[in-house]
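One structure is given below, encoded as structure tokens.
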Amino acid sequence: MKLKIRLSAIIALCALCFATGCAKENLDEKPKEDVKGNCSIVECMKKIEATNTIEEMNDIIGFESTTDAMIGSDPIWKFDSKNWISFKNSNDTITIQATIDKESLKDETIKLPSSSDLQKDLNNGSFTYEELVEKVGGEGTLTSISTGSLSYTWVDKAGQRLGATFNKKSGKCTVASYR
């Protein structure tokens, strides 16, 4: 008899947890990015420098580069079908580019300026990364590294994407565009 009561209590407790959502994952949270190598694509980009060799990048990322005929003959590190890092060497200029699914970059707190306000700022002596971070309300995601510049991307809650490139010497934005 006591066993039936305990079993009934356990079943009732499980049913209560299921009905109230205690057993469910929090659906408001962003899904965690799977890490294929040593770091996520966003974290790996923060560790890479334009002076890194392919072998050094293999060590940083945690797996070997491959090539993909659909993308070109340059080495790439494919994290999944929507996220990869490519390495381009053109006329001794190294460019390391991250292609990142914009859905994973959406940020509710980002407020992108109008394109005319951005153009006005560029025409009036430009702006630094820190000034743009303050203007939009959040950090950008590093998406391109070269010997002379760094590029960042911001994505607002509606999926509007702003890309901005900053000169390493001056610290000023040289190009900004919406996609």
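Read-outs throughout are calculated quantities, based only on the coordinates presented, and are distinct from any laboratory measurement. Here the structure is a predicted model, which means the values were calculated and not measured. For neighbour counting, all protein chains shown are included, and Cβ atoms are generated from backbone atoms with ideal geometry for every residue, glycine included.
Quick one: is residue 77 assigned to a strand (DSSP E or B) and more than 27 Å from residue 173 (Cβ to Cβ)? Answer is yes for this residue. Residues in region 79-98 that are free of Cβ contacts under 8 Å to residues at least 24 places away in the same chain and either under 19 Å from residue 48 (Cα atoms) or in contact with a Leu (Cβ under 9 Å, 6 or more places away or on another chain) (or both): 86, 88, 89, 90, 92. For region 126-135, taking the residues that are touching a residue at least 40 places away in the same chain (Cβ under 8 Å) and of a type outside the set (Val, Ile, Thr), the one that is surrounded by the most Cβ atoms within 10 Å (Cβ to Cβ) is identified as 132. Which of the residues spanning region 64-105 are among the hydrophobic types (A, V, I, L, M, F, W, C) and surrounded by 16 or more Cβ atoms within 10 Å (Cβ to Cβ)? The answer is 76, 77, 79, 84, 85, 87, 94, 96, 98, 100, 105. The set of residues from region 156-179 being surrounded by 14 or more Cβ atoms within 10 Å (Cβ to Cβ), in contact (Cβ under 8 Å) with a residue 40 or more places away in the chain and not in a loop (DSSP other than H, G, I, E, B) comprises 156, 161, 162, 172, 173, 174, 176.
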